[in-house]
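The values are calculated or read from the model by the stated rules, or taken from the named source; none is laboratory data. Computed from a predicted structure; not experimentally measured. Note that each Cβ is placed from the backbone with ideal geometry, even for glycine, and that neighbours are counted across all protein chains shown. Each accessible area value is taken on the protein alone, full model and side chains, heavy atoms only, with ligands, DNA and RNA left out. Shrake-Rupley method; radii C 1.70, N 1.55, O 1.52, S 1.80 Å.
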Amino acid sequence: MATSGSTDYLLNRNQIITEAAELCGIKDFEEALTANEIASCARSLEMMVKHWQARDIGLWKTKTVYVFLSDDGYEYDLGPTGDHATLSFTKTETSAVAASGATTISVDSITGISASDNIGIELDDGTLQWTTVDGAPSGTAVTLAAALTGAVAVDANVFVYTTIIDRPLYITDARLYRDGSSNETPVKIISRKKYNAISHKASRGPANQLYYDPQQTNGKLHIWPAADSVKDHLILTARMPVEDFDSATNDPDFVQEWLLALSWNLACYIAPKFNVRLPGDFQFRAESLLQDMIGFDKDYGSIYFEVE
């Protein structure tokens, strides 16, 4: 007897809701939930998952975030309407000079560059101009949606990315990539109090400290010293938020090991809505499943103690 050879089992949003409803006796196997019942359960599922983020769940949501620096910049908004930051990007360089007012640049390679991508071009004055790619690149030519506001030299940096990041929940690690050296220098994460104690926040130099304030739509990233080169960029290890369930067929933004904990805990949340009294040990079992996953959801490695 052969095994399936597959390991991709998953439930979508409505299947998780159905499982939870069956667990707590809201429905039997012969009936379907109404549209209003599904909407109510989906609302509970969304709120439960968002609450779990405060319990430090989601190892798989730890991502590498790249933050592009602005000249003299020491405060950056990280989020969907914030400054330029992404989970992946393409870097190339210009292969010819471009004059102020030009709407086309020539680059060493157009690999990884697509229409409507965000593109940042290093200008001769040491700033980074951001616009978008207008149409598909051809050969070595990239057309810009907005004209250059300054001249561009040969071998100027060009950064291109498609999607801006969501608001990070918190940052666990940071490095500064210094262009030309190919080195990543550690950046210390400090508290609000320590950042506020810095007397001259606009001092320029390679960043060696940062403070992050999550806020709401966009998080606030403060670095010190302020950026002295737009050639550099920050590399952050950040915990990103769990994605929403926007439709019935959305898969959960969870690894498959979480399916049981999702279903059992959702049953606890929706039972009071339907005046269902769960057995005495039901909530204990649901919490036990959640604790199992919180224990599983850890980054394993050696522990070191040192004097600061």
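Among the residues of the stretch 278-288, is any free of Cβ contacts under 8 Å to residues at least 12 places away in the same chain, surrounded by fewer than 18 Cβ atoms within 10 Å (Cβ to Cβ) and among the aromatic types (Phe, Trp, Tyr)?
Residues of the stretch 278-288 free of Cβ contacts under 8 Å to residues at least 12 places away in the same chain: 279-281, 284, 288.
Then drop every residue that is not surrounded by fewer than 18 Cβ atoms within 10 Å (Cβ to Cβ), which leaves 279-281, 284, 288.
Imposing the further condition that a residue be among the aromatic types (Phe, Trp, Tyr) reduces the set to 284.
Within the stretch 278-288 (the criterion being free of Cβ contacts under 8 Å to residues at least 12 places away in the same chain, surrounded by fewer than 18 Cβ atoms within 10 Å (Cβ to Cβ) and among the aromatic types (Phe, Trp, Tyr)), the answer is yes, since at least one residue qualifies.
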(message) Suppose we filter the stretch 103-116 for residues that are open to solvent by less than 60 Å² (accessible area, probe 1.4 Å), part of a loop (DSSP other than H, G, I, E, B) and either among the β-branched types (Val, Ile, Thr) or closer than 27 Å to Asp228 by Cβ (or both); how many remain?
(response) 2
(request) Could you check, for the stretch 68-75, whether at least one of its residues is closer than 30 Å to Leu236 by Cα, in a loop (DSSP other than H, G, I, E, B), out of contact with any Lys or Arg (no Cβ under 8 Å at 6 or more places or on another chain) and of a type in the set (Asp, Glu)? (result) yes
(request) State which residue pairs qualify: first residue in contact (Cβ under 8 Å) with a residue 60 or more places away in the chain and charged (D, E, K, R) and inside the stretch 100-126, second residue exposed (fewer than 14 other Cβ atoms within 10 Å of the Cβ) and outside any strand (DSSP E or B) in any location, beta carbons under 9 Å apart, and separation of 6 or more residues or different chains. (result) Glu122/Ala153
(message) Just the residues that are β-branched (Val, Ile, Thr) and either open to solvent by 50 Å² or more (accessible area, probe 1.4 Å) or in contact with a His (Cβ under 8 Å, 6 or more places away or on another chain) (or both), please, taken from the stretch 72-102.
(response) Thr81, Val97
(request) Could you tell me whether any residue of the stretch 249-260 is modelled with pLDDT of 95 or more, open to solvent by less than 20 Å² (accessible area, probe 1.4 Å), under 28 Å from Asn118 (Cα atoms) and within 22 Å of the chain's Cα centre (by Cα)? (result) no
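Out of the residues in the stretch 179-222 meeting the condition of being under 17 Å from Asp77 (Cα atoms) and without any contact (Cβ under 8 Å) to a residue 24 or more places away in the chain, tell me which one is surrounded by the most Cβ atoms within 10 Å (Cβ to Cβ).
If we take residues in the stretch 179-222 being under 17 Å from Asp77 (Cα atoms) and without any contact (Cβ under 8 Å) to a residue 24 or more places away in the chain, then Tyr211 is surrounded by the most Cβ atoms within 10 Å (Cβ to Cβ).
Only residues that are open to solvent by less than 40 Å² (accessible area, probe 1.4 Å) and in contact (Cβ under 8 Å) with a residue 60 or more places away in the chain: list them for the stretch 159-178, please. Please lay out each step first, then the result.
Residues of the stretch 159-178 open to solvent by less than 40 Å² (accessible area, probe 1.4 Å): 159-161, 165, 168-169, 171, 174, 176.
Phe159, Val160, Tyr161, Ile165, Pro168, Leu169, Ile171, Ala174, listed by residue number.
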(message) I'd like the residue in the stretch 175-222 that is assigned to a strand (DSSP E or B) and of a type in the set (Phe, Trp, Tyr) and, out of all such residues, is nearest to Lys91 (Cα to Cα).
(response) Tyr177
(request) Please specify each residue of the stretch 229-248 satisfying the condition of being touching a residue at least 24 places away in the same chain (Cβ under 8 Å) and either open to solvent by 50 Å² or more (accessible area, probe 1.4 Å) or of a type in the set (Phe, Trp, Tyr) (or both). (result) Lys231, Asp244, Phe245
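For the stretch 135-158, check the following and say yes or no: at least one residue is open to solvent by less than 50 Å² (accessible area, probe 1.4 Å) and of a type in the set (D, E, K, R).
Quick first cut of the stretch 135-158, residues open to solvent by less than 50 Å² (accessible area, probe 1.4 Å) only: 135, 137, 141-142, 144, 146-148, 150-153, 156-158.
Now restrict to residues that are of a type in the set (D, E, K, R): none.
No, the stretch 135-158 contains no residue that is open to solvent by less than 50 Å² (accessible area, probe 1.4 Å) and of a type in the set (D, E, K, R).
In the list Leu45, Leu69, Leu123, which residue meets the criterion of being open to solvent by less than 50 Å² (accessible area, probe 1.4 Å), in contact with a Gly (Cβ under 9 Å, 6 or more places away or on another chain) and at pLDDT 95 or above? First the steps, then the outcome.
Numbers: Leu45 fails: in contact with a Gly (Cβ under 9 Å, 6 or more places away or on another chain); Leu69 fails: in contact with a Gly (Cβ under 9 Å, 6 or more places away or on another chain).
Of the residues listed, the single one that is open to solvent by less than 50 Å² (accessible area, probe 1.4 Å), in contact with a Gly (Cβ under 9 Å, 6 or more places away or on another chain) and at pLDDT 95 or above is Leu123.
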